[in-house]
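The values are calculated or read from the model by the stated rules, or taken from the named source; none is laboratory data. Quantities reported herein were computed from a predicted structural model and do not represent experimental measurements. Here Cβ is always computed from backbone atoms with ideal geometry, including for glycine, and neighbour counts include all displayed protein chains. When the accessible area is computed, the model is the full protein with side chains, heavy atoms only, and any ligands, DNA or RNA have been set aside. Shrake-Rupley method; radii C 1.70, N 1.55, O 1.52, S 1.80 Å.
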Amino acid sequence: MGVRRRRWRWTAALALLILLSLTAAYGSLSSAGAPQGKNPRKYTATFVGALDTVTTLTAWCGEESLFQEAAALAEKELNRLSSLYDRYDPDSALSRLNSAEGEAAPVPDELSSLLAYCIEQSGRYPGCNIALGGVTALWEQARETGFPPSEEALREAGRHTSLSALRLDGSTAALDDPDTRLDLGGVAKGDAADRVAALLKARGLDCFLLSCGESSLVCEGTPPSGSWRVGLRHPDASLNLSGAEAPPELLGTLSFSDLCLSVSGDYQQYFCVDGTYYSHLIDPDTLSPARYYRCVCVLADSAREAEMASKALFVEPPEQSRALAERETLSVLWVMADGSVETTDGFPGEGGWKTGEEGQS
């Protein structure tokens, strides 16, 4: 059996740093406010490790000391939230809840709030099920071994994926099914990005782009150049399924303001067995990786909603995915399995988005 594996830790996050280097070259996402202080300059800081990813803060401000203080505050908050949300950390609040064997476990306010949000939004975005932790763990093991999980193992794990097992009671939570495992995934990074952005604004940083991991971006303010522009990485730049001799680095350039961005793609975490690629984005109906798209990009008012929506849209067939986007009035770009590009009306992109073979040039 021919096996090709790609281990995930920070690879996809570093790919986004390439995306952000284009942002730094062009400027930034336009917004209502301008950077405070005389002669504002651009500063950048990178934080490695929190939430098992790489976070980059790019900001315009008039005082380097203000930026350094704000960056230190952001890093401290990211590490604090990681200690709550990171299921890879056995000492995190989420891990303690997962291992409580059905007993009530203490949950900090931030985790309780995020869990309540996921329950509340599950009706809107059923494809983003945080109770799939047992299933995603099997596929993570498969990425390490190179062997897909057995149907029997998937069926057994699938018996314990009901979000109704999660019971919140003030400062405690319990999983009534002790075999259920929660996996907040990208929604945790989105929530962390929102919380850190709020702290930065409260500290006085009024013009910044915050990238939490490979998928969650939050912007605030207008840089001196007049607008934020973000280059959207082409899926084939990382996983060249089209077989192009020179796969393009960029799919296109986004130009937008006062919104958050989430990107979910098959090229971010994957492994290959005998020519079949398996991504990390699991369809809760089939318990296997979804194959409808190469990536889905969503713009929303909050990073956690953008994350939840992009995951939910990725696992739905095209007709249902578009219907969901229209029902929730989301701004969405889909890169289809054949490489063609579809968008909702008004999705921001300079010069429009190409489709089909033209989109691969």
Rounded, prolate or oblate: which one fits the chain, using the alpha carbon gyration tensor with axes a ≥ b ≥ c (rounded when a/c is under 1.5, else prolate when a/b beats b/c, else oblate)?
oblate
Provide 277, 125 ordered by accessible surface of protein heavy atoms (probe 1.4 Å), highest first.
277, 125
For the chain, with all protein chains present and a 1.4 Å probe, just round the carbon and sulfur fraction of the accessible area to a whole percent.
47
Chain lengthening between residue 140 and residue 39 when straightened (0.36 nm per residue, less Cα-Cα)
31.5 nm
By how many nm would the segment from residue 250 to residue 104 lengthen if fully extended, with 0.36 nm per residue of separation less the alpha-carbon distance?
47.8 nm
From largest to smallest, what semi-axes in whole angstrom does region 211-352 give when each is the square root of 5 times an eigenvalue of its alpha carbon gyration tensor?
25, 18, 14
Per-residue ellipticity at 222 nm attributable to helices in the chain (runs of n ≥ 4 DSSP H, -39500 (n - 2.57) apiece, nearest 500 deg cm²/dmol) works out to -10500 deg cm²/dmol
By the C-alpha gyration tensor axes a ≥ b ≥ c (rounded if a/c is under 1.5, else prolate when a/b exceeds b/c, else oblate), the shape of region 224-306 is oblate
Among 87-95, 297-305, what's the highest-first ranking by average C-beta atoms within 10 angstrom per residue?
297-305, 87-95
Please give the per residue accessible area of the chain, computed with a probe of 1.4 Å over protein heavy atoms only, in Å².
42
